[in-house]
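Participant: Sharing a structure here in structure tokens format.
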Amino acid sequence: MGFLTSLLGIIGFGFGFPLGLLLGFLFFIRSEPKDVEEPVTRPTKEFDSSSWFDLLSEIPFWVKSPEYERVDWLTKFIHDMWPFLDKAICTQIRCMSKAIFAEYVGKYQVNSIELETISLGSIPPVIHGMKVHESNAKELVFDPAIRWAGNPNITLVLRLWFLRITIQLIDLQIFAEPRIILKPFVPTFPCFQSIKVSLMDRPYVDFGLKVLGADVMAIPGLYQLVQEIIRKQLARPYIWPQTLEIPVLDSSVGAANKPVGILHVKVLCARKLLKKDLIGTSDPYVKLSLSGERLPAKKTSIKMNNLNPEWNENFKLIVKDTQSQVLQLRLYDWEKFGAHDKLGMREIPLKLLTPNEAKEFTLDLLHSTKPNDPHNKKPRGQIMVELTLVLFKEDSVTFRRPLDGHDRNGSVSRTSEGRSLSGAGLLLVTVISAKDVEGKHHNNPYAFVIFGGEQKKTKVIKKTRDPVWNEEFQFMLEEPPLKEKIRIEVMSKRKGFGFRPKESLGHVDISLIDVVNNGQINEKYHLINSRHGLIHLDIRWSVI
């Protein structure tokens with residue numbers, strides 16, 4: 001009887017439980033709770049400030065500041081590259097810190113300083129937005145908004161006498177808005193010579209600091225003291241317009257864009273030159289140039305029938321790198337017909353010169369600069385020259401206002417303090433580009449630079465209304481051009497023969513007094529006698 005009762009109970013449970021679940025499910029989907037109401041939707045303009053704060057506790061930086069662009073792709077790139085960036089940056093910090101620590105070893109009873117561990121942690125910085133500035137100069141200027149709440153682990157071991165003191169940096173938080181400038185542009189990868197970094201405002205910095213395992217930042221008053229030290233010692237030296245310059249390429253790479261001085265060459269005389277003419281002796285003259293230059297070589301006068309010529313002629317050459325450039329001297333025998341015969345050559349490295357000191361050289365002429373050339377053993381005579389290297393003065397140029405304060409034409413206003421308004425100098429004129437230059441008969445534009453009786457010409461760009469030249473022209477002057485003007489004229493040249501081979505596309509006359517006072521002008525000018533034409537020029541004045 002007990003067995004039968006148990007069997008019936010099991011069968012009843014097997015049928016009753018599924019049936020109960022089925023009936024409950026049907027009752028649930030058929031019934032509608034009375035306490036649930038339809039959601040009310042409202043437009044966002046009806047939300048008050050507290051509702052917005054609940055919905056979006058942290059507004060993105062690019063929303064608060066519309067001039068900043070959203071750069072989520074850059075944050076993603078940094079996130080994926082962070083393990084490798086961490087190792088590269090830490091390796092660089094170790095190399096740089098060795099020289100810094102070495103200055104303190106042996107002082108203040110310090111036996112040694114070393115980085116025991118260094119890691120930037122697993123959390124990369126976040127770029128919340130980026131603002132890019134437009135500039136006429138050959139540079140790229142941008143302001144990223146960086147926030148980094150990282151978990152670095154940097155342990156410094158300091159040994160004083162017999163003590164071993166460990167200092168550990170943890171839980172670093174930084175919020176900063178630096179200004180980064182990539183300049184100048186050069187035709188060598190990565191196409192800029194240096195990185196300049198400055199802070200547009202005092203950064204927010206917070207961190208934990210453990211000494212011998214104890215958190216010293218918890219000491220009352222110490223946190224405020226450390227923040228003040230950071231503000232004065234770290235932030236203040238780099239607040240804009242002060243900058244931290246990080247070289248990327250060797251200075252010789254960008255030397256072509258920035259002359260540093262003038263080499264005064266006095267070709268004195270030559271002695272015991274080779275006889276090249278069948279009838280008579282030789283008709284010598286000297287060609288002189290600096291290595292790395294594309295400008296035509298300068299020439300002395302020709303001394304007819306003379307193996308011991310006296311010249312005493314002066315020349316000026318523009319120097320762009322005092323460490324790598326050399327003065328090249330080549331002597332030739334002038335011929336009325338045919339090629340001129342070589343009499344000999346010699347090179348003088350500029351690094352042998354002391355600035356502002358005249359130095360005289362008496363050099364044996366060689367056949368070539370190859371050290372194993374057997375022809376160099378043959379006597380070819382001597383040449384005497386006097387060299388003086390004069391470097392340009394450093395101009396103290398400061399900005400009147402941040403880059404946001406551009407002039408109407410896009411250039412930045414500058415002023416110069418302590419600039420000399422007398423003495424010799426170098427006028428550099430770079431014809432960068434033109435836009436909307438339109439000819440009636442053809443469009444093959446080129447530009448003339450006319451100044452002081454000299455006329456220099458850019459290359460011809462065929463079949464375009466927006467030519468890009470980027471050509472530099474140099475004028476050495478004995479005094480600043482305070483009352484002079486320079487004319488830039490854009491012309492068009494027909495290819496081949498035909499009527500109207502040349503045509504003027506417009507010109508501009510520029511007073512140079514502003515260039516002398518400011519040191520540089522980089523602007524776009526409307527061309528006279530042109531409907532819409534513009535020309536972009538960079539004009540600089542460097543004082544000797």
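The values are calculated or read from the model by the stated rules, or taken from the named source; none is laboratory data. None of these values were measured; they are calculated from a predicted model. FYI the Cβ positions are ideal-geometry reconstructions off the backbone, even for glycines, and counts take in every protein chain you see. To get the accessible areas, we keep the full protein, side chains included, count just its heavy atoms, and leave off ligands, DNA and RNA. Shrake-Rupley method; radii C 1.70, N 1.55, O 1.52, S 1.80 Å.
Participant: Which numbered condition trips up residue 173, out of (1) within 30 Å of residue 386 (Cα to Cα); (2) open to solvent by 40 Å² or more (accessible area, probe 1.4 Å); (3) in a strand (DSSP E or B)?
Facilitator: (1)
Participant: Assuming residue 409 fulfils every condition listed in (1) open to solvent by 30 Å² or more (accessible area, probe 1.4 Å); (2) modelled with pLDDT of 50 or more; (3) of a type in the set (S, T, N, Q) apart from one, which condition is it?
Facilitator: (2)
Participant: Working carefully through the options 202, 164, find the one that is open to solvent by 50 Å² or more (accessible area, probe 1.4 Å), of a type outside the set (Asp, Glu), without any contact (Cβ under 8 Å) to a residue 60 or more places away in the chain and in a strand (DSSP E or B). Spell out the reasoning first.
Facilitator: Numbers: 202 fails: in a strand (DSSP E or B).
Just a single option satisfies the conditions, and that option is 164.
Participant: Name the one entry in 459, 440 that is open to solvent by 70 Å² or more (accessible area, probe 1.4 Å), in a loop (DSSP other than H, G, I, E, B), at pLDDT 90 or above and in contact with a strand residue (DSSP E or B) (Cβ under 9 Å, 6 or more places away or on another chain).
Facilitator: 459
Participant: Then there is this: Identify all residues within segment 65-86 that are part of a loop (DSSP other than H, G, I, E, B) and open to solvent by 30 Å² or more (accessible area, probe 1.4 Å); write none if there are none.
Facilitator: Within segment 65-86, 66, 67, 70 meet the criteria.
Participant: Restricting the search to segment 507-520, which residues are open to solvent by 20 Å² or more (accessible area, probe 1.4 Å) and either within 19 Å of residue 470 (Cα to Cα) or in a strand (DSSP E or B) (or both)? Walk me through it before giving the result.
Facilitator: Step one: list which residues in segment 507-520 are open to solvent by 20 Å² or more (accessible area, probe 1.4 Å), which gives 507, 509, 511, 513-514, 517-518, 520.
507, 509, 511, 520 - these are the residues of segment 507-520 that are open to solvent by 20 Å² or more (accessible area, probe 1.4 Å) and either within 19 Å of residue 470 (Cα to Cα) or in a strand (DSSP E or B) (or both).
Participant: Please determine, by comparing only the residues of segment 215-230 that are modelled with pLDDT of 75 or more and β-branched (Val, Ile, Thr), which one is nearest to residue 173 (Cα to Cα).
Facilitator: Looking at residues that are modelled with pLDDT of 75 or more and β-branched (Val, Ile, Thr), I get 226.
Participant: Can you report the number of residues in segment 299-331 which are farther than 14 Å from residue 387 by Cβ and free of Cβ contacts under 8 Å to residues at least 60 places away in the same chain?
Facilitator: Going through segment 299-331 one residue at a time, the tally reaches 14.
Participant: Right, next: So for segment 140-159 (the condition being outside any strand (DSSP E or B), acidic (Asp, Glu) and in contact with a strand residue (DSSP E or B) (Cβ under 6 Å, 6 or more places away or on another chain)), does at least one residue qualify?
Facilitator: The answer is no; no qualifying residue exists.
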